[in-house]
Structures are given as structure tokens and as C-alpha cells.
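Undergrad: Here it is: the structure, laid out below.
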Amino acid sequence: MGLDFKRLLNLEETQVLGLDIGSSAVRIIQLRKDDDGYVVTAAGIADVANGVETNQKQKSVNTVNAIRECLRSSGVQSRLAICGVCGPEVAVRYFKFPFMPSEELHGAVLLEASQVCPFNIDDSSVDYQLIPNGKESVCGVLVAATNKLIERKRQFAREVDLDCVLMDVDGLALLNCFGEYEKSKADRTSAILNVGSSYTTLAIMGSNALPFIRDIAYAGMEIVEEIANDKGVAIETVKRALLGRGNSAEPEMDLGDSLEKTCQRLIIDITETLRYYTTQEKSAVVEKIFVCGFAPAKGFVELLDSRLPVKTVLWNPFDKIPCDGDQNCRNILRENGHAMAVAAGLAMRSI
């Protein structure tokens with residue numbers, strides 16, 4: 001599902017870029033689809049310099065520079081990009097109305113959005129997709145995002161001469177990627193947990209075929225900063241220790257207690273969200289959580305598995321998506337594949 005930016009162009013044979021613009025890194029995936037499924041043709045990743053920068057103007061400059069580096073290093077040729085949005089300025093909700101004529105549906109969706117979205121719909125874009133539900137009612141999913149957030153992402157694309165042909169939601173992109181390669185039984189429900197730098201996205205597709213998306217405002221950046229404060233060391237030292245890339249001149253750091261303490265808030269948020277989903281949604285209970293993003297951090301997935309009420313495993317979509325790119329592309333997917341699921345899901349969208 002996208003946000004009303006599909007262009008009326010004949011682009012079926014044209015490759016697009018999945019462009020995931022995060023607060024600390026930019027990731028690009030380009031795919032080709034053949035008879036056996038998707039194949040990666042290019043991949044790129046670049047850090048946003050001073051990702052914790054509070055000066056918005058400088059942060060924007062750093063983000064644009066990271067996108068340029070990502071494009072350069074990946075060698076992609078397409079200038080058509082699909083971007084994603086997440087956070088408090090985005091809402092995904094499903095609706096169910098009594099049967100009504102199609103000409104009345106748009107107004108009904110806008111009214112529903114104004115009642116359930118935590119921001120002003122008059123300054124937002126709203127799109128929806130219907131789900132077959134018989135003749136007695138109209139059922140579907142609406143997506144809304146503030147125009148300010150959408151324009152910010154589109155401006156980033158314009159700065160590097162990319163054409164943002166579609167705007168998507170990170171959580172829906174995750175479900176899109178997951179559904180392509182991880183086939184769940186009809187009576188079982190799985191969830192994807194993508195721990196980014198600023199937001200943690202929990203995406204669930206229930207047996208009722210309705211997506212549930214929640215963006216939690218606690219993620220990798222806060223975890224790293226709190227461990228650094230707890231240990232009295234630099235943030236970069238913690239990052240290296242979590243990724244198992246410690247400096248040989250530094251003593252090995254035991255992060256176990258600090259990691260568990262700093263992840264307590266995230267564990268509570270996830271547990272409460274799962275409980276809400278189980279009690280409110282008419283779908284099967286979540287049986288497994290697939291973790292990506294911050295996931296490779298040493299001991300992180302094991303901690304979640306021991307503390308959450310659901311089996312939790314590491315997920316790298318590129319274990320099942322072959323790569324037809326150069327050696328640089330293969331290296332990126334081997335080292336950072338867990339963090340590129342959103343970009344892959346974006347690249348799978350058709351335009």
C-alpha cells in the first residue's frame with residue numbers, strides 16, 4: 001500500500017530503488033524479479049555523519065551526503081525511488097463500514113482517519129486499500145502520514161536527483177518482504193520487529209489478513225547511549241562492542257547486565273503491544289517474532305527470546321534472496337542484511 005504518489009507511467013519493466021532513509025544510516029536495495037522470485041542487483045549503505053545531530057539544517061545536509069555516497073558506492077542506474085516513513089506522524093488502521101456505494105467510500109475513510117489518527121488529517125495524505133469481506137460490509141486498511149514528513153523524504157530524493165515515485169510505510173514494507181519469503185500457516189501469526197536507530201517497528205499480519213503496525217519511540221540509539229552512560233565509556237566504544245568489532249587496544253567489555261537493563265523499557269513496550277494485539281484483534285496469537293535491524297548486536301536477540309512471551313529469532317531476508325550484484329553488494333548483504341529488510345520491502349513494490 002502506498003500513499004497516493006503512484007505515477008501514471010508505463011514502468012513495468014523499469015527497476016526501482018528501495019530507499020530507506022534513517023536517522024543514522026541510509027540503505028538502498030535494487031531488485032530484479034524473474035520466474036524464481038527476486039534477485040538483488042545492487043545494494044548500498046552509508047552512515048549519516050553525526051546521526052545524533054540536533055541542528056536540523058546540518059542533519060539534513062549530512063543525510064543528503066549519505067544518500068549520495070550510497071548511490072555512488074552501489075552503482076545503481078535507476079533514478080526512480082520508493083521511500084518509506086514511520087513514527088508518530090504515520091498511522092495504519094483498518095476499518096469496517098456497513099456496505100455503501102463506492103462514491104461515498106472516500107469521504108467515509110477520511111472521516112474515520114480524522115477520528116483515529118493522532119494528527120491533523122487536513123495537513124496529511126490518506127490512502128486506503130479494500131479487503132474482500134463479502135457483500136454485507138466494506139473492510140480495508142487506511143494509511144495516513146503528515147504532508148510535512150512526506151515532503152521531507154521527497155526533498156531528500158530531489159536533492160540527489162531521484163524521483164520518488166511512491167511513498168510507503170516502513171511497517172508495511174517489512175510485511176511485504178516477509179510475506180514474500182516466509183510462508184506462515186493460515187492459522188498462525190508471526191511478527192517482525194525492526195529495531196532502527198530512532199524507532200522500533202513491530203509489524204504483524206494476522207490470520208484475518210489485516211496488518212497491525214506500531215512504531216515504538218525507543219530503539220538502537222537510546223540503547224547504545226544508555227549503555228555508554230552506564231559503563232562510562234564513549235558511544236563508539238559501545239557500538240564496536242555490540243557488533244563484535246572491538247578495538248584490539250580496548251579491553252573486552254561485558255555488556256550483559258547493561259544491555260538487559262537498558263532494554264527493559266523496550267521489552268515492556270513489546271510485551272504490552274503483544275498483549276493488546278491478542279486481546280483486541282480478531283486473529284491468531286503471535287507465535288514467533290522475527291527480529292531485524294539492530295538485531296546482530298551481541299546478545300540482543302538472545303535477551304529478547306529469554307524475556308518476551310513469544311519465541312524470538314534473528315531474521316535476515318537475504319538468506320533467501322539471491323544476489324546478482326558485484327562483490328561489494330555481496331559484502332554489504334553479508335554484513336548488514338539484517339538492517340536492510342525495509343529497503344528490500346520498498347524495492348518489492350510495483351509501480
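None of the figures in this text is laboratory data; all of them are computed from the coordinates on show. Since the model is a prediction, treat every value here as computed from it, not as a measurement. Quick reminder, even Gly has a Cβ in these numbers, built from the backbone with ideal geometry, and neighbours come from all protein chains shown.
Undergrad: Sorting check: for 100-109, 117-126, 26-35, which peptide has the highest mean count of neighbouring beta carbons within 10 Å, and how do the rest follow? Each step should come with its number before you reach the end.
TA: On the way: 100-109: 11.9, 117-126: 15.2, 26-35: 20.0.
Answer by packing, highest mean first, reads 26-35, 117-126, 100-109.
Undergrad: Another one. Cut-off is 10 Å between beta-carbons; in what order do Ser137, Ser207 appear when sorted fewest neighbours first? Don't skip to the end; give the middle numbers.
TA: Details: Ser137 12, Ser207 16.
Taking fewest neighbouring Cβ atoms as first place, the list is Ser137, Ser207.
Undergrad: From the Cα gyration tensor of the stretch 183-314, with a ≥ b ≥ c the square roots of its eigenvalues, which class applies: rounded if a/c is under 1.5, or else prolate if a/b is larger than b/c, or else oblate? Let's see the in-between values first.
TA: On the way: a/c = 2.71, a/b = 2.34, b/c = 1.16.
Cα axes put the stretch 183-314 in the prolate bin.
Undergrad: Could I ask something else about it? Using the crude model of +1 on Lys and Arg Cβ and -1 on Asp and Glu Cβ, and no other charge, please compute the dipole size for the chain relative to its Cα centre, in debye to 20. Numbers along the way, then the final one.
TA: Working: 38 positive and 48 negative charges, 28 e Å.
The dipole of the chain has a size of about 140 debye.
Undergrad: If you don't mind, another one. Taking 0.36 nm per intervening residue step and subtracting the Cα-Cα distance, what contour gain separates Asp319 from Glu151 on full extension?
TA: Numbers: separation 168, 0.36 × 168 = 60.48 nm, distance 3.40 nm.
Between Asp319 and Glu151, full extension yields 57.1 nm more.
Undergrad: Same structure, new question: Once you order the gyration tensor axes a ≥ b ≥ c over the Cα atoms, which shape class does the stretch 65-191 get: rounded for a/c under 1.5, otherwise prolate or oblate by comparing a/b with b/c?
TA: Values: a/c = 2.47, a/b = 1.49, b/c = 1.65.
Verdict is oblate for the stretch 65-191.
Undergrad: Sticking with this structure for a sec: Given only helices, namely DSSP H runs of n ≥ 4 each adding -39500 (n - 2.57), what is the per-residue ellipticity at 222 nm of the chain, to the nearest 500 deg cm²/dmol? It would help to have the intermediate numbers written out before the result.
TA: Working: 11 runs with 128 residues, N = 351.
After summing the helix terms and dividing by the residues of the chain, the value is -11000 deg cm²/dmol.
Undergrad: If you don't mind, another one. Each label point is 7 Å from the Cα along the Cα-to-Cβ direction; what then is the distance between the points at Ile267 and His106, in nm?
TA: 5.0 nm
Undergrad: So if I take the centroid of the Cα atoms in the stretch 270-308 and the same for the stretch 131-153, what is the distance between those two points in Å?
TA: 25 Å
Undergrad: In addition: Please name which of Leu162, Thr273, Leu202 has its Cα lying farthest along the dipole of the chain towards the positive end, using unit charges on Cβ (Lys, Arg +1; Asp, Glu -1) and the Cα centre as origin.
TA: After comparing all options, I get Leu162.
Undergrad: Another one. Report, in whole Å, the centroid distance computed from the Cα atoms of the stretch 319-351 and the stretch 74-92.
TA: 15 Å
Undergrad: Restricting the count to DSSP beta bridges whose residues both fall in the stretch 183-314, what percent are antiparallel, rounded to a multiple of 5? Numbers along the way, then the final one.
TA: Numbers: 12 of 23 bridges.
Within the stretch 183-314, antiparallel bridges account for around 50 percent of the total.
Undergrad: Continuing with this model, one more query. Pairs Lys231/Lys298; Lys288/Lys320; Lys33/Lys59; Lys135/Lys288; Lys33/Lys135; Lys261/Lys298: which exceed 24 Å Cα-Cα? Walk me through the numbers on the way to the answer.
TA: On the way: Lys231/Lys298 16 Å; Lys288/Lys320 19 Å; Lys33/Lys59 35 Å; Lys135/Lys288 34 Å; Lys33/Lys135 35 Å; Lys261/Lys298 15 Å.
Where the Cα-Cα span goes over 24 Å, the pairs concerned are Lys33/Lys59; Lys135/Lys288; Lys33/Lys135.
Undergrad: Another one. Using the Cα centre of the chain as origin and beta-carbon charges of +1 (Lys, Arg) and -1 (Asp, Glu), tell me which of Ala297, Ile121, Leu19 is placed farthest towards the positive end of the dipole.
TA: Farthest along the dipole direction, towards plus: Leu19.
Undergrad: Also, I was wondering about something else. As a test, work out the antiparallel percent of DSSP beta bridges whose residues both lie in the chain, rounded to the nearest 5.
TA: Details: 45 of 66 bridges.
Looking only at bridges with both residues in the chain, the antiparallel portion is about 70 percent.
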